[in-house]
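Written out below as structure tokens is the structure these notes cover.
The values are calculated or read from the model by the stated rules, or taken from the named source; none is laboratory data. Remember, predicted model here, so these are calculated numbers, not experimental data. A quick note on method: Cβ atoms are made from the backbone with ideal geometry, for glycine too, and the neighbour counts reach across all protein chains shown. Note: accessible area is taken over every heavy atom of the protein model, side chains too, but ligands, DNA and RNA are not part of it. Shrake-Rupley method; radii C 1.70, N 1.55, O 1.52, S 1.80 Å.
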Number of protein chains: 2
Amino acid sequence: MATRLSDVAARAGVSVKTVSNVINDYPHITARTRAKVEAAIAALDYKPNVSARSLRKGRSDFIALAIPEMGSPYFAELGAAISRAAKRRGITVLIDQTEGESAAERFVLDGMRGQLIDGIIFSPLATAPAKLTSADTGKPLVLLGERPAGGQFDRVAVDSVRASYDATTHLLSLGRHRIAAIGVGGTSTGAVRRKGYRKALKAAGMPHDPALELAATGYHRLDGAASMRELLALPEPPDAVFCFNDLLALGALRTLADAGLRVPEDIAVVGFDDIEDGRYHSPSLTTISPDKEWLADNAVALLLDRIAGNGGSTHRDLTVPHTLQIRESTAG
Amino acid sequence: MATRLSDVAARAGVSVKTVSNVINDYPHITARTRAKVEAAIAALDYKPNVSARSLRKGRSDFIALAIPEMGSPYFAELGAAISRAAKRRGITVLIDQTEGESAAERFVLDGMRGQLIDGIIFSPLATAPAKLTSADTGKPLVLLGERPAGGQFDRVAVDSVRASYDATTHLLSLGRHRIAAIGVGGTSTGAVRRKGYRKALKAAGMPHDPALELAATGYHRLDGAASMRELLALPEPPDAVFCFNDLLALGALRTLADAGLRVPEDIAVVGFDDIEDGRYHSPSLTTISPDKEWLADNAVALLLDRIAGNGGSTHRDLTVPHTLQIRESTAG
DNA sequence: CTGAAAGCGCTTACAG
DNA sequence: CTGAAAGCGCTTACAG
């Protein structure tokens with residue numbers, strides 16, 4: 001165990017500097033020297049010590065991804081995509097679950113894992129980015145999600161207003177008149193998506209009905225199921241529902257199945273996220289599909305660019321492409 | 001930025017050794033000295049450099065979790081639970097996605113991330129643990145899953161034979177006679193679960209019918225849907241199906257819905273894993289529910305115990321408690 | 001192209 | 001209880 005650089009140097013008959021040069025792919029090394037060193041590395045099964053390297057260089061090639069919960073399908077899929085995108089670039093991702101708690105989010109930003117991390121991709125829930133300053137982090141940070149970056153950070157996000165407008169317009173095009181929305185409360189996600197929802201109604205010359213706009217405590221199946229029950233209890237229930245994420249929609253579908261209502265005949269349902277569950281559900285779920293690979297790739301690229309010291313003081317705001325995936329929950 | 005231990009020492013008017021003692025909670029420090037140091041730490045917003053600490057101590061308090069894919073619900077839920085369990089003990093988890101590829105698994109074990117990691121929790125897919133030696137890892141390793149540890153490693157796993165026996169027996173108790181199994185092929189998971197399935201049939205005095213045992217390429221919804229189509233094409237289709245994980249079951253349910261068959265009236269379905277999707281599906285999915293919190297907690301505890309140098313040469317094999325969750329897919 | 005040496009920020013015997 | 005010093009394994013100016 002514990003073979004060191006100097007062991008490799010001794011075996012290859014060169015200086016440690018030369019070995020280091022080979023490992024780090026520096027120029028000006030003869031092919032013969034390189035071969036000798038590589039043979040020694042292989043023979044000794046040498047692995048560089050990342051702690052030492054990181055201590056010396058001030059860079060670790062580790063980045064953090066802070067998300068509310070990795071057990072949630074959207075974040076699980078996103079985390080998987082970001083890990084893959086980072087690995088392609090030789091970077092390792094540390095995943096932090098904040099559970100959406102302010103203290104945990106603060107801790108992640110504050111600590112930056114004792115300077116091990118080179119930068120962070122942060123999906124805030126409790127923390128308002130506007131309240132953050134770069135002093136809080138000390139290291140590059142890329143924001144994910146709806147919350148405005150306040151011009152202080154780079155950010156990559158779906159155009160949620162536009163996407164919600166698209167989803168609602170689709171429901172309208174089906175001839176639905178009473179279109180409910182689930183998930184309006186609380187988070188800024190709710191506020192932004194409601195904006196697009198209302199905008200679409202307005203464009204169609206329809207007023208929005210506050211009774212059809214349901215807040216949700218969380219964005220889980222449980223919340224969607226409960227909200228749907230409320231909607232069904234209305235004197236005049238909706239004929240369509242736009243749920244602000246797929247989990248809410250899946251919960252709503254469950255309530256509709258229990259109530260014996262047909263989807264989409266009695267009520268059409270649209271979600272947001274395009275998680276795998278929705279594609280296989282019966283009925284399969286019509287949803288807004290953000291390009292997660294694009295998101296992952298660009299978030300990582302943006303962060304690495306910052307870490308490399310590029311970009312200056314102007315912050316970039318990237319819009320993730322999205323499409324509307326029409327499936328059975330609106331199209332029979 | 002970059003406040004160092006010596007800065008804290010200077011400000012507090014003590015030696016670096018004393019500051020280090022305070023940070024590491026060593027005894028023999030007067031309350032007054034401790035207060036002075038803590039004030040200086042707070043004033044300077046000092047954070048210890050983990051690279052330096054890890055280099056010096058040879059321990060990082062980081063462990064790795066190597067799983068096939070974190071986007072898959074079971075592993076996402078498990079990863080979340082393991083991260084939480086580790087955090088409770090002051091340990092950080094690095095998640096490695098191996099995609100079930102042999103090379104990636106080898107890389108994780110080999111590299112151990114350049115000695116940064118103190119140990120690993122490993123859920124192998126391609127690598128046979130029997131082929132591993134502790135020399136491959138050099139650091140403590142805890143195995144997850146069906147594959148026998150060959151007496152060389154600690155392991156924590158569900159008793160899959162028993163669980164599969166339970167699932168099949170439940171179907172039998174419902175009076176079903178043609179009980180199919182999906183997922184028998186390829187992995188050792190398939191082999192082990194088939195063993196329990198056949199055992200239950202045998203105990204009930206029923207022969208097993210090879211035509212009803214379907215191999216699956218993967219353990220995803222897609223595979224379950226395809227296998228179910230094959231079963232329905234049989235001259236005499238089954239009246240019950242035991243799917244070796246929930247994703248397969250969810251795919252099978254999709255096929256049944258498309259075919260217009262009623263669950264459980266026409267065909268009863270049981271899964272394995274108890275992922276959240278199954279609980280909200282309509283019909284909700286009867287499944288084997290392994291105690292994931294227990295699994296996470298014990299896997300982490302076991303690994304930390306090893307890292308601490310305990311346990312000697314005898315390896316422990318822990319059995320995760322499981323229950324059968326009876327839901328609509330078998331109980332109307 | 002290579003060698004000898006300093007230093008990244010800690011922890012830890014070793015003296016006092 | 002505290003101080004001065006070595007050393008963990010690298011990378012990197014600095015000379016040659």
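Could you say whether any residue in region A:184-198 is surrounded by fewer than 21 Cβ atoms within 10 Å (Cβ to Cβ) and assigned to a strand (DSSP E or B)? Within region A:184-198 (the criterion being surrounded by fewer than 21 Cβ atoms within 10 Å (Cβ to Cβ) and assigned to a strand (DSSP E or B)), the answer is no, since none of the residues qualifies. Answer yes or no as to whether A:Asp96 is within 16 Å of DNA strand C (Cβ to nearest atom) and touching a residue at least 24 places away in the same chain (Cβ under 8 Å). In short, no. Restricted to region A:291-313, and to residues there that are out of contact with any strand residue (DSSP E or B) (no Cβ under 7 Å at 6 or more places or on another chain) and assigned to a helix (DSSP H, G or I), the residue that is surrounded by the most Cβ atoms within 10 Å (Cβ to Cβ) is A:Val300. Taken as a whole, the structure leaves B:Arg279 outside the set of residues that are of a type in the set (Lys, Arg) and either assigned to a loop (DSSP other than H, G, I, E, B) or out of contact with any helix residue (DSSP H, G or I) (no Cβ under 9 Å at 6 or more places or on another chain) (or both). Which one of the conditions (1) modelled with pLDDT of 90 or more; (2) surrounded by fewer than 20 Cβ atoms within 10 Å (Cβ to Cβ); (3) away from DNA strand D (no atom under 16 Å from the Cβ) does B:Arg56 fail to meet, given that it meets all the rest? Among (1) modelled with pLDDT of 90 or more; (2) surrounded by fewer than 20 Cβ atoms within 10 Å (Cβ to Cβ); (3) away from DNA strand D (no atom under 16 Å from the Cβ), the lone unmet condition for B:Arg56 is (3). Candidates B:Gly175, B:Gly278, B:Gly185, B:Gly190: the one that is under 22 Å from the mean Cα position of the chain (by Cα), of a type in the set (Gly, Ala, Ser) and farther than 30 Å from B:Pro129 by Cα is B:Gly278.
Being near DNA strand C (Cβ under 7 Å from one of its atoms), open to solvent by 40 Å² or more (accessible area, probe 1.4 Å) and away from chain A (no Cβ under 14 Å) is the requirement here; does B:Lys17 meet it?
Numbers: near DNA strand C (Cβ under 7 Å from one of its atoms): yes; open to solvent by 40 Å² or more (accessible area, probe 1.4 Å): yes; away from chain A (no Cβ under 14 Å): yes.
Against the criterion (near DNA strand C (Cβ under 7 Å from one of its atoms), open to solvent by 40 Å² or more (accessible area, probe 1.4 Å) and away from chain A (no Cβ under 14 Å)), B:Lys17 qualifies.
Condition check ((1) free of Cβ contacts under 8 Å to residues at least 40 places away in the same chain; (2) out of contact with any His (no Cβ under 9 Å at 6 or more places or on another chain); (3) outside the structural domain of A:Ala76 (by TED's automatic domain parsing)) across all residues:
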{"position": "A:Glu276", "(1), (2), (3)": "no, no, yes"}
{"position": "A:Tyr280", "(1), (2), (3)": "yes, yes, yes"}
{"position": "A:Thr286", "(1), (2), (3)": "no, no, yes"}
{"position": "A:Asp305", "(1), (2), (3)": "yes, yes, no"}
{"position": "A:Gly309", "(1), (2), (3)": "yes, yes, no"}
{"position": "A:Gly312", "(1), (2), (3)": "yes, yes, no"}
{"position": "A:Asp317", "(1), (2), (3)": "no, yes, no"}
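Is it the case that B:Leu318 is touching a strand residue (DSSP E or B) at 6+ places or on another chain (Cβ under 7 Å), surrounded by fewer than 22 Cβ atoms within 10 Å (Cβ to Cβ) and at pLDDT 95 or above? For B:Leu318, the condition - touching a strand residue (DSSP E or B) at 6+ places or on another chain (Cβ under 7 Å), surrounded by fewer than 22 Cβ atoms within 10 Å (Cβ to Cβ) and at pLDDT 95 or above - is met. Any chance region A:84-91 includes a residue that's more than 16 Å from DNA strand D (Cβ to nearest atom), within 13 Å of chain B (Cβ to nearest Cβ) and without any contact (Cβ under 8 Å) to a residue 40 or more places away in the chain? Taking every residue of region A:84-91 in turn, at least one turns out to be more than 16 Å from DNA strand D (Cβ to nearest atom), within 13 Å of chain B (Cβ to nearest Cβ) and without any contact (Cβ under 8 Å) to a residue 40 or more places away in the chain. Restricting attention to region A:20-31, the residues that are without any contact (Cβ under 8 Å) to a residue 12 or more places away in the chain and more than 9 Å from DNA strand C (Cβ to nearest atom) total 2. All of A:Thr287, A:Thr330 fail the test of being under 13 Å from A:Ala163 (Cβ atoms), open to solvent by less than 60 Å² (accessible area, probe 1.4 Å) and outside any loop (DSSP other than H, G, I, E, B), apart from A:Thr287.
When you scan region A:251-289, how many residues do you find that are among the aliphatic types (A, V, I, L, M) and in contact with a Gly (Cβ under 7 Å, 6 or more places away or on another chain)? Total satisfying the criteria: 2. Determine whether A:Pro207 is farther than 17 Å from A:Ser284 by Cα and in contact (Cβ under 8 Å) with a residue 60 or more places away in the chain. In short, no. If the condition is being open to solvent by less than 40 Å² (accessible area, probe 1.4 Å) and more than 16 Å from DNA strand C (Cβ to nearest atom), then region A:42-53 contributes only A:Tyr46.
State whether the residues of region B:236-246 include one that is modelled with pLDDT of 95 or more, within 14 Å of chain A (Cβ to nearest Cβ), in contact with a helix residue (DSSP H, G or I) (Cβ under 6 Å, 6 or more places away or on another chain) and not in a helix (DSSP H, G or I). The answer is yes, given that some residue of region B:236-246 is modelled with pLDDT of 95 or more, within 14 Å of chain A (Cβ to nearest Cβ), in contact with a helix residue (DSSP H, G or I) (Cβ under 6 Å, 6 or more places away or on another chain) and not in a helix (DSSP H, G or I).
Within region A:69-92, how many residues turn out to be in contact with a Ser or Thr (Cβ under 9 Å, 6 or more places away or on another chain) and open to solvent by 10 Å² or more (accessible area, probe 1.4 Å)? Matching residues across region A:69-92 total 4.
Restricting A:Ala149, A:Ala163, A:Ala249 to those that are surrounded by 24 or more Cβ atoms within 10 Å (Cβ to Cβ), of a type in the set (A, V, I, L, M) and touching a residue at least 24 places away in the same chain (Cβ under 8 Å) reduces the list to A:Ala249. Scanning region B:20-41 for residues that are within 8 Å of DNA strand D (Cβ to nearest atom) and surrounded by 18 or more Cβ atoms within 10 Å (Cβ to Cβ) returns a single hit, B:Asn21.
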